[in-house]
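This report refers to the structure that appears directly beneath it.
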Amino acid sequence: MRATFEPGRQAFVDLSSPQARSAQGGYINFKHEPDRAAESPEAVEWPALGEFVKQINRRSLFQTTSWKASGRKAEGLAHPFVDLAFSDEALAHSEKAYARLRDQLLTLRENRAAPDFPVIIWDGCAVRRDTTRIRSLRLWLAGPRSEADECFQQILRLLDKQKYEDYEDLAISDHNMKRLLRLVTQAVLLGWLALGSVLWSGLGFLGAVAIALLVWFAYSSLKRRSYTILDWR
């Protein structure tokens, strides 16, 4: 297996859209009902991929957020893919936890028992049907289907070795850093307001309020749009 990571490339999927509901088997939650993955049109097209998705969702620590078998062009590539995510909410929002998982997947390229099957890894995210967002790793399956079975088994064996305890501290560290960023932003806002009050000038106070509003707008935009910096929730 030739696993490679392309930094700076991100995949996005909106599971709340009508197109995603149709392609992903309607409203079936494969994490809650993994055996029903076989009912998806993608699994009918590629049964081995459907089995792979089922097995991922049967692992307590993991879930899939999206997958395609046809190789239709998406985000510049035209390969089948599986979006792999943590099922635990704390881990599912942690950049550091996904970085560790990504590094674990990249170790498979050192396993000579794996086939020479290329897998391209991107960072990703998914908007779930309840409109909440979580991170993911997109695994582009760039090799022929005839060689994919052993690759799937290698990945599943690696997932079986992952333990929640190995990721818990990373998620806590991520959460604390995001909380610190929010506190710093709030402190900056309060500082500008306090400065405007001290100046005791109409123009100075209005200027401070205007700057505070601009900082708050920038903070809100980051929180809404950038899942690599601030928490989705």
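Can you tell me which residue is least open to solvent (accessible area, probe 1.4 Å) among those in region 125-153 that are out of contact with any helix residue (DSSP H, G or I) (no Cβ under 7 Å at 6 or more places or on another chain) and of a type in the set (Val, Ile, Thr)?
VAL127
Considering only residues of region 7-26 that are open to solvent by less than 60 Å² (accessible area, probe 1.4 Å) and within 17 Å of the chain's Cα centre (by Cα), which is modelled with the lowest pLDDT?
Start the filter on region 7-26 by keeping residues that are open to solvent by less than 60 Å² (accessible area, probe 1.4 Å), which leaves 11, 13-17, 20, 23-26.
Keeping just the survivors that are within 17 Å of the chain's Cα centre (by Cα) gives 11, 13-16, 20.
Values: ALA11: 89, VAL13: 86, ASP14: 85, LEU15: 74, SER16: 70, ALA20: 53.
For region 7-26, the residue satisfying everything is ALA20.
Restricting to region 120-168, name every residue that is within 17 Å of the chain's Cα centre (by Cα), among the β-branched types (Val, Ile, Thr) and closer than 18 Å to ASP103 by Cβ.
Within region 120-168, ILE120, ILE121 meet the criteria.
Condition test on TRP122, is it surrounded by 18 or more Cβ atoms within 10 Å (Cβ to Cβ), in contact with a His (Cβ under 6 Å, 6 or more places away or on another chain) and either modelled with pLDDT of 90 or more or not in a strand (DSSP E or B) (or both)? Break it down into steps so the answer makes sense when it comes.
Working: surrounded by 18 or more Cβ atoms within 10 Å (Cβ to Cβ): yes; in contact with a His (Cβ under 6 Å, 6 or more places away or on another chain): no; either modelled with pLDDT of 90 or more or not in a strand (DSSP E or B) (or both): yes.
No, not satisfied.
All but one of (1) modelled with pLDDT under 90; (2) touching a Phe, Trp or Tyr at 6+ places or on another chain (Cβ under 9 Å); (3) of a type in the set (S, T, N, Q); (4) open to solvent by 20 Å² or more (accessible area, probe 1.4 Å) hold for GLN63; which doesn't?
Of (1) modelled with pLDDT under 90; (2) touching a Phe, Trp or Tyr at 6+ places or on another chain (Cβ under 9 Å); (3) of a type in the set (S, T, N, Q); (4) open to solvent by 20 Å² or more (accessible area, probe 1.4 Å), only one is false for GLN63: (1).
The values are calculated or read from the model by the stated rules, or taken from the named source; none is laboratory data. All values reported here derive from a predicted model rather than from experimental measurement. Positions of Cβ are generated from backbone atoms using ideal geometry, with glycine treated the same way; all protein chains shown enter the neighbour counts. These area figures cover heavy atoms from the full protein model, side chains too; ligands, DNA and RNA do not enter into them. Shrake-Rupley method; radii C 1.70, N 1.55, O 1.52, S 1.80 Å.
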